[in-house]
Structure formats: structure tokens, C-alpha cells
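Encoded as C-alpha cells, the structure appears first; notes follow it.
The values are calculated or read from the model by the stated rules, or taken from the named source; none is laboratory data. Given the structure is predicted, the values throughout are model-derived calculations rather than measurements. Ideal geometry is used to build each Cβ from the backbone, glycine not excepted, and the neighbour counts take in all protein chains shown. To get the accessible areas, we keep the full protein, side chains included, count just its heavy atoms, and leave off ligands, DNA and RNA. Shrake-Rupley method; radii C 1.70, N 1.55, O 1.52, S 1.80 Å.
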Amino acid sequence: FFVTYLTTAIGPGEILTEVRFPVADHGMGVSFQELVRRKGDFAIVAAAATVTLGSGGTCQDIRLALAGADATPIRAQGATDVLLNQTPTQERIREAARAACEGINPESDIMASADYRRAMAEVYARRALEQAAQRAPATA
């Protein structure tokens, strides 16, 4: 759907009429974090995370998406690879945020350099994962 920055695959005469989101699973914590200069601006970097905890507090499902880290929003599979079936400790979450940002290719623009976006993507990925994990009740 996303082609590049601020560009979608919607053609002339087409309009998006509906978006459906599934109901969050029991035990799922969610978080959306964004770096903006002013409220309402486009995000310089953003991270959205869901964490589902199972018995014993281990991560049964992890999803992390990043915006501003590449030409289109990306699903950061590296976070899942690090946290799946693990307890989301502070150190594991930091490791997951680092892994999520490996290979990202942000562009520089008037708002931020590529290096700054790369550094902030990791910070906001960590914040989103931490908050989602805190909000996720462990299931029995």
C-alpha cells in the first residue's frame, strides 16, 4: 500500500473507504510512540508495538512497526526474533530494539539527518516495546 514517503498505491479516482483492525487479544499490551516537533506534525520517527504475554510472563507474540526508518513503514522482525518465548527484561528489550533497527535505511531531510533518525528509531522502538510489555497482563 505504501510506495514511498507520503505516497500510496491509490490511483486517480480511487479512495480508501474502510480499514479494519482486529480486536486486541486478551493479554496483549499495545503502545504507539512518536517523535514530532509539534503535536500534529508528521512523525520524524514512530514505533508501534504489541506484546502478548503467556503464562510465566514470556512473550507469546511480538509485533513492532517503525515509520521514518525507511521509505515506507516497516515491520521490524528483529524484535520478534529476540523476544519470542522470552521474558521481556529491560536488557532483552534493549537488544530487541537494536535488532529491530539493523539494516534500516532512513533518509535525511530538513527535519532530521539519517543518522539521527537511525538513533531515534532504536530509542522509540525500545520505548514502545517497554510500554507494550508493561501493559500486557500475563495470562494464566
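Brief remarks on what is shown
- The angle separating the long axis of helix 114-135 from the principal Cα axis of greatest extent in the chain is about 40 degrees.
- For ASP25 and GLN90, a Förster radius of 22 Å and the Cβ-Cβ distance give a FRET efficiency of 0.35, rounded to the nearest 0.05.
- DSSP assigns beta bridges within the chain; of those with both partners inside it, close to 95 percent run antiparallel.
- Potential extension, ILE10-ASP81 segment - 0.36 nm per residue separation minus Cα distance: 22.3 nm
- For peptides 16-29, 35-48, 65-78, sequence by mean Cβ density within 10 Å, most packed first: 65-78, 35-48, 16-29
- Among the protein heavy atoms of the chain, carbon and sulfur supply 52% of the accessible surface, probe 1.4 Å, non-protein parts ignored.
- An oblate overall shape is assigned to the range 1-138, the ratio a/c of its alpha-carbon gyration tensor axes (a ≥ b ≥ c) being 1.5 or greater and a/b not exceeding b/c.
- Global form of the range 29-72, assessed from the alpha-carbon gyration tensor, a/c cut-off 1.5: prolate
- Placing pseudo-labels 7 Å out from each Cα toward the beta carbon at SER108 and SER55 gives an inter-label distance of 5.4 nm.
- Part-to-part distance (alpha-carbon centres) for the range 1-51 and the range 107-122, which is given in Å: 19
- Rolling a 1.4 Å probe over the protein heavy atoms gives the chain an accessible area of 61 Å² per residue.
- Cα gyration tensor shape for the range 1-77, rounded if a/c is under 1.5, else prolate or oblate: prolate
- Computed about the Cα centre, the dipole magnitude for the range 16-70 is approximately 200 debye when only Lys and Arg (+1) and Asp and Glu (-1) carry charge, each at its Cβ.
- When the helices of the chain are scored as -39500 (n - 2.57) per DSSP H run of n ≥ 4 and the total is divided over every residue, the value at 222 nm lands at -9500 deg cm²/dmol.
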